[in-house]
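The values are calculated or read from the model by the stated rules, or taken from the named source; none is laboratory data. Note that the structure is a prediction, hence the values are computed from the model and not measured. Heads up, the Cβs are rebuilt from the backbone with ideal geometry, glycines too, and the neighbour counts pull from every protein chain shown. When the accessible area is computed, the model is the full protein with side chains, heavy atoms only, and any ligands, DNA or RNA have been set aside. Shrake-Rupley method; radii C 1.70, N 1.55, O 1.52, S 1.80 Å.
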Amino acid sequence: MADNASSPAPALTLARVRLGAGGPLVRVRVADGRITHVVPEADAVAGGERVLDLGGRRLLPGLWDAHVHLAEWASARHRLDLAGTTSARAVTELVRERAGAVDGTVLYGYGFRDGLWPDAPHKALLDAVLPDRPVALVSADLHAAWFNSACLALVGRGDHPTGLIREHEAHEALAALPATPDEVLDGWIEEACRAAAARGVTGVIDFQFGDTVGDWERRSAQFPPAVRVSAAVYPSYLDAAIKRGLRTGDEVGADGSLVRVGPLKLFTDGSLNTRTALCRDPYPGLEGTDGAHGIEETAPDELVRLMRHAAAHGIEPAVHAIGDHANTVALDAFETVHCRGRIEHAQLLSPQDVPRFARLGVTAGVQPRHATDDRDVADRHWAGRTGRAFPYGDLLAAGARLEFGSDAPVSPLDPWLAIASAVSRTDDERPAWHPEQRLSVPDALVAAARGRRLIRVGDPADLVVVDVDPLDVDPDTLRAMPVHATMTNGRWTHGPY
């Protein structure tokens, strides 16, 4: 049974465990949330504390999801699932069939991808199947929302022509809907954290929109999360964080060992599926129109100002950049400000920008599952440029630090899906998409563990025990990796112990 991850744990020795992928048989001692000894099994000396025989299973550094929206992910697990729908009309039929099975005043759905649909989302389609109950459907990339007329009226946008709302307007409209009560949402989030621990996750960077630090301070007083949480700061909360003296990495909340202040989240552009990622070349079919190259979310001068203001007070920026022009703008800002930080997504890069990540010390927070999920959309809307899309192999070869995430709920909060996608560059029967960008299993594991390659004395006791060696399995087994147990801060958060 999983333990409370926040309270002190008694000393424990993990016996007959293989150290890392392909590693030797060792004993690992854990005390006070740290690894205190790593010795060959043959050299082990019996002690008086508890010894747990792991039967030759593999012990790996704990895995992180370096980009999640936890409240969105937790909520999506309780909403109408629109993943895999292939047209607007298919979505409306699903709404018709399932409307009576989903509780609440507003019918929420999540997961549609309209980038390849033969028809366009429109409020009239939803009105035809559910005219009186508000319907709010969120796209898989979180950059668009599709409302029926009743829902548009509910948020004061009754005159919207289509009901398909994108980017900031979508976020504002969704925020105007009746909020899930804190006690309900917090319960969903606690459940989602336990589910993440069951997949070997020991930490997340939570980029949920809103007062993420304040929300986690409240939650940590109610329950210790099963994972470490780095809570992002959004610009509207930046000055308040600075006034409190908060810096990236500071402990906050009732259990500061598990909840810390994360980076400042900034945006340069939109997304690929909404054709709002900011690109040098126009999107096919949109040439000569407004928005043909995507959208600029934050002007370069303002981006520099915000980054400089945050960095001067110890808050590192994390800049959302998907299109190639957006990534150039973000890297230029890092070069101007001379600060540490991250670029989130880095999906399409100009060749000259690839080596800049390592040179500037900017971490590439990437989501390998997006490369396999979006290959067809990229082939259409980034035609002729996909050789430099999701270029993980090029980034790693250039010395960049990669950290894997899911962007949950955009893809499931499961690091093994990211690892398998990075290694195989496919998640179906088709050949690898741009196989030159594949990573090796060891390199993918390091990116999924936020740079931890080894289990060393003095490291936090954030560990995952798996039943098979990741080096010896095919991509399907890697994707469904059997996780035997997970430990965070020296406490079991998943498993039979």
remark   = Checking 438, 401, 425, 430 in turn, the sole residue that is among the basic types (Lys, Arg), without any contact (Cβ under 8 Å) to a residue 60 or more places away in the chain and within 20 Å of residue 204 (Cα to Cα) turns out to be 401
task = Go through the residues of the range 328-338 one by one and say whether even a single one is of a type in the set (S, T, N, Q), surrounded by fewer than 24 Cβ atoms within 10 Å (Cβ to Cβ) and either over 24 Å from residue 115 (Cα atoms) or at pLDDT below 95 (or both).
result = yes
ask   = Which ranges mark the helices (runs of 4 or more DSSP H) fully within the range 366-472 that have 3 or more residues being more than 30 Å from residue 82 (Cα to Cα) and aliphatic (A, V, I, L, M)?
value = 392-397, 441-448
task = Pick out the one residue from 358, 397, 383 that is open to solvent by 10 Å² or more (accessible area, probe 1.4 Å), closer than 30 Å to residue 111 by Cβ, more than 18 Å from the chain's Cα centre (by Cα) and hydrophobic (A, V, I, L, M, F, W, C).
result = 383
remark   = residue 166 fails exactly one of (1) surrounded by fewer than 16 Cβ atoms within 10 Å (Cβ to Cβ); (2) modelled with pLDDT under 95, namely (1)
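Examine the range 194-208 for a residue that is among the basic types (Lys, Arg) and either at pLDDT below 95 or not in a helix (DSSP H, G or I) (or both), and state whether such a residue exists.
yes
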query = Could you give every pair whose Cβ atoms fall below 6 Å, whose first residue belongs to the range 18-43 and is of a type in the set (S, T, N, Q) and modelled with pLDDT of 95 or more, and whose second residue is buried (at least 18 other Cβ atoms within 10 Å of the Cβ) and not in a loop (DSSP other than H, G, I, E, B), counting only separations of at least 6 or pairs across chains?
reply = 36/29
